[in-house]
1. Compute the signed sum of charges (Lys and Arg +1, Asp and Glu -1) over the other residues within less than 14 Å, Cβ to Cβ, of Gln72.
2. Over the alpha-carbon set of the chain, divide Rg by the Kirkwood Rh and report the Rg/Rh ratio to two decimals.
3. Using the Cα centre of the chain as origin and beta-carbon charges of +1 (Lys, Arg) and -1 (Asp, Glu), tell me which of Ser145, Val203, Leu53 is placed farthest towards the positive end of the dipole.
4. Going by C-beta contacts inside 10 Å, put His56, His159 in order with the fewest on the left.
5. When the chain is modelled as a GNM with alpha-carbon springs shorter than 10 Å, which of Ala18, Ala94, Ala141 fluctuates the most?
6. By its C-alpha gyration tensor, with a ≥ b ≥ c as the square roots of the eigenvalues, how is region 11-68 shaped: rounded for a/c under 1.5, else prolate for a/b larger than b/c, else oblate?
7. Treat every Asp and Glu Cβ in region 58-208 as -1 and every Lys and Arg Cβ as +1, leave all other atoms uncharged, and give the resulting dipole magnitude about the Cα centre to the nearest 20 debye.
8. How long are the semi-axes of the equivalent ellipsoid of region 130-208, defined as square roots of 5 times the Cα gyration tensor eigenvalues? Whole Å, largest first.
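All of the numbers you see were taken from the coordinates with simple rules; none came from a lab. All figures in this text were calculated on a predicted structure; none of them were measured in a lab. Don't worry about glycine lacking a Cβ; one is built from the backbone with ideal geometry, like all the others, and counts go over all protein chains shown.
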Amino acid sequence: MGNVEPSTAGNGASQSPARQLLLRAAQREISGRGYDSVSLRSVARGAAVDPSLIRHYFGSKQNLLMAAVTVQEDLGKIAADVLEAPAALVGSRAVDALLDVWEAPATSAPALARLSASLNNPQIAYEFKEELVTSFFLAIAERVSPDHPRLRAELAAGHLMALALARYLIAEPTMAETSRAELTRVVGRTVQRLLQEPLAPEVVGRRR
């Protein structure tokens with residue numbers, strides 16, 4: 001999910017504690033301030049390291065920010081895992097799989113930073129949408145949907161993007177406090193309908 005420009009630092013530095021602290025601080029700054037409002041001084045301060053280490057480990061601010069919003073999870077592979085379930089369960093499986101990316105300790109920080117960055121960086125917004133629509137939901141829709149797989153994938157992705165914004169960035173109380181199991185059940189039903197049930201003629205007609 002996303003590509004990072006090569007750092008000027010050697011590969012052996014990739015797991016340096018200071019580098020990881022900078023990444024985590026950058027992710028917090030992006031999630032809290034927005035991608036375009038991050039300053040190198042605030043990142044260094046948040047990581048409690050010397051600002052010169054940013055150039056040492058990443059080469060530039062752009063490299064740092066791109067590394068901070070890069071998620072290693074492969075949504076195409078996750079979609080394949082979802083498709084191992086019966087077709088009648090793919091809606092809930094898809095929702096649960098994405099919630100896992102956004103909430104699992106190993107992926108939540110870069111995933112939520114990427115979500116936040118997509119709000120004000122056009123390139124990341126485009127990549128985020130393509131990952132969610134094409135790599136994930138379209139791969140599922142092409143297997144389980146009776147028609148209009150691209151449209152169905154876009155509708156399902158739109159619901160999940162709205163869920164993520166409300167739950168993680170806006171922290172809307174109902175969405176933020178609802179259990180993951182309940183969200184999977186309720187939103188999963190909606191996604192299941194969007195993927196498999198007949199679409200309203202006016203929805204289909206807008207795409208012609």
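1. Values: positive: Lys77, Arg114; negative: Glu73, Asp74, Asp100, Glu131.
Once all neighbours under 14 Å are counted, the net charge is -2.
2. Details: Rg = 18.6 Å, Rh = 18.1 Å.
Expressed as Rg/Rh, it is 1.03.
3. Among Ser145, Val203, Leu53, the one farthest towards the positive end of the dipole of the chain is Leu53.
4. His159, His56
5. Among Ala18, Ala94, Ala141, the largest mean-square fluctuation in the Gaussian network model of the chain belongs to Ala18.
6. On the way: a/c = 1.66, a/b = 1.50, b/c = 1.11.
In terms of gyration-tensor shape, prolate.
7. On the way: 16 positive and 18 negative charges, 72 e Å.
It works out to roughly 340 debye.
8. Details: eigenvalues 118, 32, 31 Å².
In descending order the semi-axes read 24, 13, 12 Å.
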